[in-house]
Amino acid sequence: MASVSDDEIIKRKLLIEGDGGNDDRRLTSLLKMFVKWSQSPSEDEISNNAAYQRLISSLATCELSMEKSHQVFLMNLLEQKNYEALSQQIETQVTEAFTKIEELKEELSRAKRIRRNRQEYDALAKVIQNYPDREDMTKKLKDLDEELANMKETEQSLQRKLELRRKQFHVLISSLHELERILADDDEKEEEEGEAFDHS
């Protein structure tokens, strides 16, 4: 197994223990100092006072370390709340973003449909423009109706004239037949008169 250097050991220890890694040792050292100071008081007041000052200094150091750890703990709690609030805010924003995306998709689909309808309407309008407008169409229909009425009137007039010509032709034919009959009767009478004249 490869040997581990002292620097690596120190780094790992610092990573594991953190800022408060020496608190336990400080408290243990403070307890030992207190027990030693209380059980074997020095007769020398100066030494006793110096030991007391060291004890007070160690106690202050421990209290400062504890206060620092407590402040770090409070700060971590505050940071945790901030992170939770930030996470909730991000989650809300993500949800709102997805909702907005869905709304934009629907709006895009609606816009495409409107554009497609508009293109169809434009194409239909171009086709309609090729035809005359209603006023022109109405005028043309009115003119055609008048022309048709005139043609019907002309047709009726021609029918009346034709009927009159038929009647006149019929009268003429009848007159010709009557004339032929009269002429035939005259010829027959002349023949009879001629025969009677010959016998006399």
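Where a number appears in this text, it was derived from the coordinates with a stated rule and is not lab data. Since the model is a prediction, treat every value here as computed from it, not as a measurement. Glycine gets a Cβ as well: all are built from the backbone with ideal geometry, and neighbour counts include every protein chain shown.
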Taking a straight Cα-to-Cα line shorter than 25 Å from LYS32, and setting aside same-chain lysines fewer than 8 residues away, one finds LYS13, LYS68
Distance in nm between pseudo-label sites at ALA125 and LEU64 (7 Å out along the Cβ direction from Cα) | 8.5 nm
Give me the log10 of I(q) over I(0) for region 78-147 at q = 0.16, 0.23, 0.27 Å⁻¹, as the Debye formula computes it from C-alpha points; what are the numbers?
-> -0.78, -0.96, -1.05
Ratio of Rg to Rh for region 136-194, alpha carbon only, Kirkwood?
-> 1.61
Reachable lysines, given that their alpha-carbon falls under 29 Å from the alpha-carbon of LYS152 and they are not under 8 places away in the same chain = LYS139, LYS140, LYS142, LYS161, LYS167
Report the calculated FRET efficiency for LEU77 and ILE56 (r = Cβ-Cβ distance, R0 = 30 Å), to the nearest 0.05.
-> 0.45
How large is ³J(HN,Hα) for each residue in region 155-163, as worked out from phi by the Karplus curve 6.51 cos²θ - 1.76 cosθ + 1.60 (θ = phi - 60°), to whole Hz, x for Gly and Pro?
-> 4, 4, 5, 5, 4, 5, 5, 5, 5
What number in nm² do you get for region 37-129 if you take the convex hull of its Cα atoms and divide its surface by four?
-> 10.0 nm²
